[in-house]
1. Using Cα atoms only, what is the angle between the long axis of helix 26-42 and the major principal axis of the chain, expressed in degrees (0 to 90) to the nearest 10?
2. Where the only charges are on Cβ atoms (+1 Lys, Arg; -1 Asp, Glu), what is the dipole of the chain about its Cα centre, to the nearest 20 debye?
3. Run through the stretch 78-158 and list the trypsin sites (Lys or Arg not before Pro) located in a DSSP loop whose Cβ has at most 15 other Cβ atoms within 10 Å.
4. Which entry in [x] 17.1; [y] 16.0; [z] 18.8 is this structure's computed Kirkwood radius over Cα pairs in Å?
5. Given a 1.4 Å probe and every protein chain left where it sits, what share in percent of the accessible area of the stretch 1-101 is carbon and sulfur?
6. Can I get the semi-axes of the stretch 84-180's equivalent ellipsoid? Compute them from the C-alpha gyration tensor as square roots of 5 times the eigenvalues, in angstrom, largest first.
7. Tell me the Rg and the Dmax, in Å, that the Cα atoms of the stretch 42-109 produce.
8. Tell me what the chain gives for mean residue ellipticity at 222 nm when only DSSP H runs of n ≥ 4 count, each as -39,500 (n - 2.57), the sum divided by the residue total, rounded to 500 deg cm²/dmol.
Amino acid sequence: MLMRADRSVLLLVDLQERLQPAIHDAPLVLEASIWLTRVAQRLEIPVICTEQYPKGLGLTMSPLRDLLPDECIVEKICFSAVPEEVLFQAPGGDRAQFIVAGTEAHVCVQQTVLDLLAAGRRVFVVEEAVGSRRSGDKALALERMRGHGADIVSREMVVFEWLRQAGSDLFREISRDFIR
């Protein structure tokens, strides 16, 4: 199954101020998440961003948060974003395909992905846009999510499937601004 712009929502999980310094390759995870967000916005794909207990972990990292309207931010206490029901009520939460980025891959990302799959959603986890404190935990999480039916993808796989074809002004614009 291909990712489709008209069926997708980008879900950014817990890319928060106090958590990111502990994440292995955190600058790369944040950069990939910002890149995905900017592409999604250019293609008018909804974005949902979760924050796990922001009083304790802080807000979403400012370079990413500055791109997002307030209505796309969802606060949560459960590790999974699904049980509290607000995820599906957020703009874009009713879509069939969730493109997932965030931290930690083996905790909040994994639990959210497994719950999304159980709820009948199609899930695509962007490998370079997820992270954990230890790289081994990320690897195990990706393996487990794949085993339960999530597709593990790259950010370029996402954008080329969202675009579907070359030759348009939009393709040229995205290629020029995002694909180097």
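1. 50 degrees
2. Values: 21 positive and 26 negative charges, 72 e Å.
Computed charge dipole of the chain: roughly 340 debye.
3. Loop-located and lightly packed - ARG134.
4. The value computed from this structure is option [y].
5. Reported share for carbon and sulfur atoms: 55 percent.
6. Working: eigenvalues 132, 63, 26 Å².
The three semi-axes for the stretch 84-180 are 26, 18, 11 Å.
7. 11.8, 34
8. On the way: 8 runs with 70 residues, N = 180.
Roughly -11000 deg cm²/dmol at 222 nm, from the helical runs in the chain.
The values are calculated or read from the model by the stated rules, or taken from the named source; none is laboratory data. Everything numeric in this text was worked out from a predicted model, so none of it was measured. Positions of Cβ are backbone-derived with ideal geometry, glycine not excepted, and every protein chain shown enters the neighbour counts. Areas reflect the complete protein model, heavy atoms only, side chains present, ligands, DNA and RNA absent. Shrake-Rupley method; radii C 1.70, N 1.55, O 1.52, S 1.80 Å.
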